[in-house]
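Nothing in this text is a laboratory measurement; each read-out follows from the coordinates by a stated rule. Just so you know, these numbers come straight off a predicted model, no measurement behind them. Because the Cβ atoms are built from the backbone with ideal geometry, glycine has one as well, and the counts that use them run over all protein chains shown.
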Amino acid sequence: MSILLSNISKKFGTFTALDNINLEIPEGELVALLGPSGCGKTTLLRIIAGLESADQGRVLLSGQDRTDHDVSQRGIGFVFQHYALFRHMTVFENVAFGLRVKPRRERPSNEVIAKKVHALLELVQLDWLHDRYPDQLSGGQRQRIALARALAVEPSVLLLDEPFGALDASVRKDLRQWLRNLHHDLNVTSIFVTHDQEEAMEVASQVVVLNHGRIEQQGAPGDIYDNPANAFVSRFIGHTNVFDLDEQDADWLQTAGIPVAHQQGKFAHVRPHDIVIEKPTADSDAFVTLKDWQHLGSLIRIELVKNGSNGLTASVYAEMPNDQFRRLHLNRGDKVDLRIRHAHWFH
Amino acid sequence: MNAIAQPINPARLVARQQKVLQDADWVRWSLIAIAVGFIGLFICLPLGLVIFQAFSKGIAAYWSALSQADTLAAIKLTLLTALVTVPLNTVFGVAAAWAITRFEFRGKSLLTTLIDLPFSVSPVISGLIFVLLFGAQGWFGEWLSAHDVKIIFAVPGIILATLFITFPFVARQLIPLMQEMGNQEEEAALSLGASGWKTFWAVTIPNIKWALLYGVLLCNARAMGEFGAVSVVSGHIRGLTNTLPLHVEVSYNDYDVVGAFAGASILAGLAIVTLILKTVLEWRQANR
Ligand SMILES: Nc1ncnc2c1ncn2[C@@H]1O[C@H](COP(=O)(O)OP(=O)(O)O)[C@@H](O)[C@H]1O
Ligand SMILES: [Mg+2]
């Protein structure tokens, strides 16, 4: 089912949680709703589900206006941030709940329910836990049971609020890949909320960046990374070096290979991997000092210190593959040449 | 889990305090002795005396005191009062707890405070409120006598006063528990297609049932034992408007020691049964 949000706004008292949100999500996508904590992600998800009502705007599912439909009639599966499993029911009964509460005419027989629940539990690889209670499960297991429970009613849209938020780093990594594969198999339109840009980039086919209740940018992960629409997105997605033309001298950027044209903006954002360092040649100005470096797996992050013409020093971060860095034979305190391959300009 | 509604678990308390409380033996023993002595002197001894006095003239006298028409009428009226007020206050308590913990509305904090009102005013005043409203000189007194409706000095007044006195019990048990549980499970049930009614019975009630029973139990104990408010509105008409606690007082004032203590022994028995059930419920709540 496709989702269309038009002009959604929501206030809590005088605080504007969502400000005129317009969003279109095509059928079958796996979309990440990404933004810092408190930017309105949960609120937007709850409005789509019908758990919260917007002050203004419409929610269309498959082209049908569903704004005035109850949560129980929207055909949406919602996975809560803290799972919200029914604590007095076993895992089996939790997953069966959505089937058992169907009106008598549509309710499957007990055998059909049992079969379906076990199939879902196998899908989330937890059938062996079917007679446990929620408080006997680990966080990752609860998460998957909550997902199985939401899938039991065959929702046409799946909404997940910070699905990996409360989990250990290692469990998170596994579940991300698992969710991606699951979505690939089920192909149900899904939105998941996250404040972790890495997670959004890794899992989603589309990323929607939210800030202060507004959509900053929407697009494929690669697009957003390569062409951030504004300074917020550029800073929020991945790492970036920010150069302020008022404070940095423009000459420095010119020498580093970036022609400065003021109409482009006041701030230059440079990704660490767009900074190249080399051993200084005899006739070059060696204008940065190597301060320190850290290993990030296959990459190495290098901290450089630049002396501005105004006498201020500032840190600049560069990233390059490990072996390439090793071949440079650099030590802390060495002067190096720096070249910038590409910059984004923002006002 | 439910921090406030959860009863004290003595074993857990001691475990936490053992390292801190390393007082000398004599301090420990004298504190225990004081506590036990106090409870013995002011609770167990009087309770024993009630039983002793009730049977002081033999079992036959006890039974004949209990089977007097006035005593039986008092027992019946007490049961009737409890039978009417407890279900009403259960429904009211659940509704109030639901409203307070699930909705945002104006005057919510005022409602929360008002629920406690019967606890904070003297029961005598609670009774007087009803006299002021429905008594012969009260606001509705003229209208009531014109229509031949008797509330004060009659059973409806007793029920109203008891209803007022006992309405906080259930709500007070449920509000902290429901606040702490939040409404995510209910939202989950709704999102799975359950109706509000179904959600209430399949999700809410199972989650609050022990606290609810606990509240009902306390409410019942008070409904059967209330003296002050009921005394003001009852008029003490023997065989008609005397509840058991009032009957005890009237008998005692008439120097009918066995009668008074026989009635009291029933109330004491009720208290003991309540205590036992309370312990069982607390145990269930702690060991879900
Ligand atoms: N029921 C509510 N009442 C008042 N303020 C709320 C309520 N729900 C959310 N907010 C506020 O709205 C903002 C957005 O909340 P939320 O959507 O939960 O953010 P996110 O999920 O992105 O962290 C927050 O500042 C939060 O304090
Ligand atoms: Mg949130």
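For region B:37-45, in order, what is each residue's ³J(HN,Hα) by Karplus, 6.51 cos²θ - 1.76 cosθ + 1.60 with θ = phi - 60°, in whole Hz (x at glycine and Pro)?
Working through the residues one at a time gives x, 4, 4, x, 5, 9, 10, 5, 4 Hz.
Search the structure for amide H atoms under 5 Å from the amide H of A:ARG132, placed 1.01 Å from N in the peptide plane, and list their residues when 5 or more places away or on another chain.
Residues meeting the amide H criterion: A:VAL91, A:PHE92.
Using a Gaussian network model of chain A whose springs link C-alpha atoms within less than 10 Å, name the residue from A:LYS102, A:LYS306, A:LYS116 with the highest mean-square fluctuation.
Among A:LYS102, A:LYS306, A:LYS116, the largest mean-square fluctuation in the Gaussian network model of chain A belongs to A:LYS102.
For region A:116-263, what relative contact order do you get, as a whole percent, if you take Cα pairs closer than 8 Å and at least 6 residues apart?
Answer for region A:116-263 is 14 percent.
What list of ³J(HN,Hα) couplings, whole Hz, do you get for region A:155-160 from phi and the Karplus terms 6.51, -1.76, 1.60, once you set θ to phi - 60° and write x for glycine and proline?
x, 8, 9, 10, 10, 10
For a quick check: with amide H placed at 1.01 Å from N, whose amide H comes under 5 Å from A:LEU85's, ignoring anything fewer than 5 positions away on the same chain?
Amide H to amide H, under 5 Å and 5 or more residues apart or across chains, A:LEU85 pairs with nothing.
Go ahead and set up a Gaussian network model of chain A, Cα springs under 10 Å, then flag whichever of A:LEU151, A:LEU34, A:LEU137 fluctuates most.
Result for chain A, Cα springs under 10 Å: A:LEU137 fluctuates most.
Let me check I've understood the local charge: for A:GLY40, count other residues with C-beta under 14 angstrom from its C-beta, Lys and Arg +1, Asp and Glu -1. What total comes out?
Net charge around A:GLY40: -1.
In chain A, what percentage of the DSSP-assigned beta bridges are antiparallel, given to the nearest 5?
Of those bridges, close to 75 percent are antiparallel.
Which of B:ARG172, B:ARG28, B:ARG222 moves most in a GNM of chain B, Cα contacts under 10 Å?
B:ARG28
What residues qualify as long-range amide H neighbours of A:VAL79, i.e. H under 5 Å apart, gap of 5 or more or another chain, H built at 1.01 Å from N?
A:LEU159, A:LEU160, A:ASP161
Counting other Cβ atoms within 10 Å, which GluC sites (Glu not before Pro) in region A:9-94 have at most 14 and lie in a DSSP loop?
The qualifying sites are A:GLU27.
So, counting K/R as plus one and D/E as minus one, what does the shell of residues with Cβ under 13 Å around B:GLY157 add up to?
0
Among B:LYS108/B:LYS209; A:LYS173/A:LYS306; A:LYS11/B:LYS209; B:LYS150/B:LYS278; B:LYS108/B:LYS150, which pairs are too far apart, with a Cα-Cα distance over 32 Å?
Listed pairs above 32 Å: A:LYS173/A:LYS306; A:LYS11/B:LYS209; B:LYS150/B:LYS278; B:LYS108/B:LYS150.
Using the structure shown, list the pairs from A:LYS10/B:LYS198; A:LYS41/A:LYS116; A:LYS10/A:LYS41 with a Cα-Cα distance above 23 Å, or answer none.
Checking Cα-Cα distances, A:LYS10/B:LYS198; A:LYS41/A:LYS116 exceed 23 Å.
Within region B:212-268, report the chymotrypsin sites (Phe, Trp or Tyr not before Pro) that DSSP leaves as loop and that have at most 10 other Cβ atoms within 10 Å.
In loop regions of region B:212-268 (DSSP not H, G, I, E or B), the sparsely surrounded chymotrypsin sites (Phe, Trp or Tyr not before Pro) are B:TYR255.
At a threshold of 8 angstrom on Cα-Cα distance, excluding pairs fewer than six apart, so keeping six or more, what relative contact order does chain B reach in percent?
It comes to 31 percent, rounded to a whole number.
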